[in-house]
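Q: Shown below is the structure under consideration.
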Amino acid sequence: MTLSDAADRSITHRRELIAKLGEMLPGLELVLMAYEEYDPWVILDILLAPDSALGGRTLLEAIQEGDERAIARHIAQARGDGFA
């Protein structure tokens, strides 16, 4: 197995894991895909840090509560639309 093959397998495994997590928590898959290029520790910080734009909630709390509007706004900002 080449390094390239190992990297491809790692990406495939990560995407499969993201899809499974998205099934358990609707909205999580969209957030994880928006941050796909980020280090997993950075993503964890994004999910667990209290956010004043979410009324002091964490992004994970917004996902758990099914707050689709907050999730969509956060994803738009992650993609560079600061006016979402």
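Q: If the Cβ limit is 9 Å and pairs must be 6+ apart or interchain, which residue in the range 41-52 that is farther than 16 Å from GLY27 by Cβ and at pLDDT 90 or above pairs with which residue that is among the basic types (Lys, Arg) and assigned to a loop (DSSP other than H, G, I, E, B)?
A: Once the first residue is farther than 16 Å from GLY27 by Cβ and at pLDDT 90 or above and sits in the range 41-52, its partners that are among the basic types (Lys, Arg) and assigned to a loop (DSSP other than H, G, I, E, B) give PRO50/ARG57.
Q: Moving on. Among GLY82, GLY55, which is at pLDDT 85 or above, surrounded by fewer than 14 Cβ atoms within 10 Å (Cβ to Cβ) and not hydroxyl-bearing (Ser, Thr, Tyr)?
A: Exactly one of GLY82, GLY55 is at pLDDT 85 or above, surrounded by fewer than 14 Cβ atoms within 10 Å (Cβ to Cβ) and not hydroxyl-bearing (Ser, Thr, Tyr), namely GLY55.
Q: Let me ask something else. Based on this model, can you work out whether GLU61 counts as in a helix (DSSP H, G or I), at pLDDT 90 or above, of a type in the set (Asp, Glu) and surrounded by 16 or more Cβ atoms within 10 Å (Cβ to Cβ)?
A: yes
The values are calculated or read from the model by the stated rules, or taken from the named source; none is laboratory data. Bear in mind that the values here come from a model prediction, so they are computed numbers and not experimental data. Note that each Cβ is placed from the backbone with ideal geometry, even for glycine, and that neighbours are counted across all protein chains shown.
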